[in-house]
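A.B. asks: My questions will all concern the structure given below.
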Amino acid sequence: MIQLIRGVKDILPSEVELWKHIEETAMMLFESFGFRQIRVPILEKTELFQRSIGEHTDIVEKEMYTFPSSKGELITLRPEATASVVRAYIQQRMYAKDPIHKLYTIGPMFRKERPQKGRYRQFYQVNAEVFGIDAPYIDAQLIYMLTVFFHRLHITGLEVHLNSLGCPACRPAFKQALSEMLTAESEALCSDCLRRKDTNPLRVLDCKVPGCQAVVKNAPAITDYLCDDCARHFDTVKAALDQMAVPYVMAPRLVRGLDYYTRTAFEIQTAELGAQNAVAGGGRYDNLVAALGGPSQPAIGFAIGLDRLVDLALTKTSVSELPPDIFIAAMGDAAQKKAFEWSCELGREGIKTEIDFSNRSLKALMKRANRMSAGYVLMVGDQELKEGRVVLRNMRTKEQTEIGISGILSGILSILTPNT
Ligand code: HAM
């Protein structure tokens, strides 16, 4: 018996209903905020992630699934989607016609993390990315859109955690202060952070090792180091959130696990999922498009973690499986043959049709139709075929209607979809 590999999972048909509901809710909402869907590949050159997410991040240092192509070039299963969307924006010269693009994408990501509840090696995200707008209103609008999204799914108890990560003008002073403070506390840091306090001190702020977490409690706050432009931007984001009555929590140590962020950074957190408490995260990345060889265009985006969201939504949103419109109970060889034809035609007409070709007794088939909550059952045996008529039973009212076999399709359609 071949089993799943560690950290991945099957999403079964009974669960897919909820996944689809969440994805469709996101698509409809995002499109009403001006987003259009983009589909980017799952495989990209490793260099794309090294240069965007950053060499000294957990993702790039330890978590990527990387392998050589037949030409010896390194290729990676994408650990996130932002880098690919930026690559497409540049490579397809999307900016040439209009620098402003609002794009969303849905799909699997891959990170070789230690699996636990809410943390998988193949997981799914909905990403939204905006290019070409530097106004702080768009930052607030994205966060607002996220809160509407969670509201539509009836998910409560979420908090917006908000920070600003500054820009290349003001961040160095903060990094310097942080690095000095970490050096003074070196003996309490884990081996990774001991190295990162010099190479990439911001990463120490989101280290999960308890010793490091205790140290960073006393770290300086980046918001105390913002330059005037960054401070003004951040103030307007906060005022715009207030204007739309979106509550948020100031999170001065929220740095996110990826290096490309500038200015606004945020996470949507829940208290209900234990350690894996972030259901969505994002922020501005004003320098990434240029850093990857594109024009200098500001950008901001976020990703929602669908796996965690499904866990949360399971208790809040009830999406029941759609029962079949019609169940065909066919008994006898000739009836099976005819029922095969009808089931194909009904499916083609968009009628949700169930037939199992099992040739069992009417009693057994009715039992199954009941279990599936079928709306109607079409009963046909070889005798009925000879007589040229079949019986359609409304399972709710128990009313039975005889339908002639010639013109059966339109007969069934007129009963099942009387208004069309
Ligand atoms: P991220 O914070 O790495 O950001 O991931 C976003 C969300 O994906 C997380 O909040 C979490 O819900 C989910 N997630 C991450 N890793 C896992 C995992 N191993 N298992 C299950 N769920 C997971 C990004 O990926 C950025 N690209 C977001 C972004 C878009 N920033 C700007 N644009």
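A.B. asks: Tell me the net charge near residue 183. Cut-off is 9 Å between Cβ atoms, residue 183 excluded, with +1 for each Lys or Arg and -1 for each Asp or Glu. Present the calculation step by step, with values, prior to reporting the outcome.
C.D. replies: Numbers: positive: 197; negative: 180, 185, 198.
With Lys, Arg at +1 and Asp, Glu at -1, the net is -2.
A.B. asks: Normalised by the number of residues in the stretch 326-413, what is the relative contact order in percent for Cα pairs under 8 Å and 6+ residues apart? List each step's numbers first, then the result.
C.D. replies: Working: 128 pairs, mean separation 27.2, N = 88.
The normalised contact order for the stretch 326-413 reaches 31 percent.
A.B. asks: Turning to a different aspect of this structure: Taking the solvent-accessible surface of protein heavy atoms with a 1.4 Å probe, what is the per residue accessible area of the chain in Å²?
C.D. replies: Per-residue value: 49 Å².
A.B. asks: Suppose only helical runs count, i.e. DSSP H with n ≥ 4. What mean residue ellipticity at 222 nm does that imply for the chain under -39500 (n - 2.57) per run, divided by all residues and rounded to the nearest 500 deg cm²/dmol?
C.D. replies: Working: 16 runs with 165 residues, N = 420.
Estimated from H runs of four or more residues: -11500 deg cm²/dmol.
A.B. asks: Using a 1.4 Å probe on the protein heavy atoms, what percent of the accessible area of the stretch 326-413 belongs to carbon and sulfur?
C.D. replies: 51
A.B. asks: Which lysines, if any, have their Cα less than 24 Å from the Cα of residue 62, not counting same-chain residues under 8 positions apart?
C.D. replies: 9, 45, 71, 112, 117, 175, 197, 208
A.B. asks: Still on this model: So how far apart, in nm, are the two label points at residue 100 and residue 113 if each is 7 Å from Cα heading toward Cβ?
C.D. replies: Once both label points are built, they end up 3.5 nm from each other.
A.B. asks: Any chance you could look up the accessible area of residue 112 with a 1.4 Å probe, heavy atoms only, rounded to 10 Å²?
C.D. replies: It works out to around 90 Å².
A.B. asks: Suppose a student asked you for the relative contact order of the chain, using Cα pairs under 8 Å spaced at least 6 residues apart; what percent would you report?
C.D. replies: Details: 704 pairs, mean separation 64.1, N = 420.
So the answer I get is 15 percent.
A.B. asks: Still on this structure, I have one more. Taking just the alpha-carbon atoms of the stretch 344-394, what radius of gyration and Dmax come out, in angstrom?
C.D. replies: Every Cα atom of the stretch 344-394 included, Rg and Dmax give 11.5, 30 Å.
A.B. asks: Of the residues 401, 264, 25, which exhibits the maximal mean-square fluctuation in a Gaussian network model of the chain defined by a 10 Å Cα contact cut-off?
C.D. replies: Maximum fluctuation in the GNM of the chain, among the listed residues, is at 401.
A.B. asks: What's the extension gain from residue 209 to residue 373 if we count 0.36 nm per residue and subtract their Cα-Cα distance? If you can, show how the numbers build up before the last one.
C.D. replies: Working: separation 164, 0.36 × 164 = 59.04 nm, distance 5.12 nm.
So the chain would gain 53.9 nm between residue 209 and residue 373.
A.B. asks: Quick one: length gained pulling residue 16 to residue 227 fully straight, 0.36 nm per residue minus the C-alpha distance?
C.D. replies: Numbers: separation 211, 0.36 × 211 = 75.96 nm, distance 4.70 nm.
So the chain would gain 71.3 nm between residue 16 and residue 227.
A.B. asks: At a 1.4 Å probe radius, which order do 212, 344, 167 fall into by accessible area, largest first?
C.D. replies: 344, 167, 212
A.B. asks: In the stretch 104-123, whose amide N lies under 20 Å from the spot 7 Å out along Cα-to-Cβ of residue 69? List them in ranges.
C.D. replies: From the stretch 104-123, the list is 110.
A.B. asks: If you don't mind, another one. Given the stretch 326-413, what count of lysine pairs have C-alpha atoms under 19 Å apart, with each pair 8 or more places apart or on different chains?
C.D. replies: Counting lysine pairs in the stretch 326-413 gives 6.
A.B. asks: If each of residue 359 and residue 9 carries a label point 7 Å out from its Cα toward its Cβ, how far apart are those two points in nm?
C.D. replies: Placing both labels 7 Å along Cα→Cβ, they lie 4.1 nm apart.
A.B. asks: Something else about it: So for the pair residue 198, residue 322, with labels modelled 7 Å out along Cα→Cβ, what separation do we get in nm?
C.D. replies: Output for this residue pair reads 6.1 nm.
A.B. asks: May I ask you to compute the full-extension gain from residue 394 to residue 156, defined as 0.36 nm times their residue separation minus their alpha-carbon distance, rounded to one decimal in nm?
C.D. replies: Net length gain for the segment: 81.7 nm.
The values are calculated or read from the model by the stated rules, or taken from the named source; none is laboratory data. Since the model is a prediction, treat every value here as computed from it, not as a measurement. Note: ideal-geometry Cβ built from the backbone for every residue, glycine included; neighbour counts use all protein chains shown. Note: accessible area is taken over every heavy atom of the protein model, side chains too, but ligands, DNA and RNA are not part of it. Shrake-Rupley method; radii C 1.70, N 1.55, O 1.52, S 1.80 Å.
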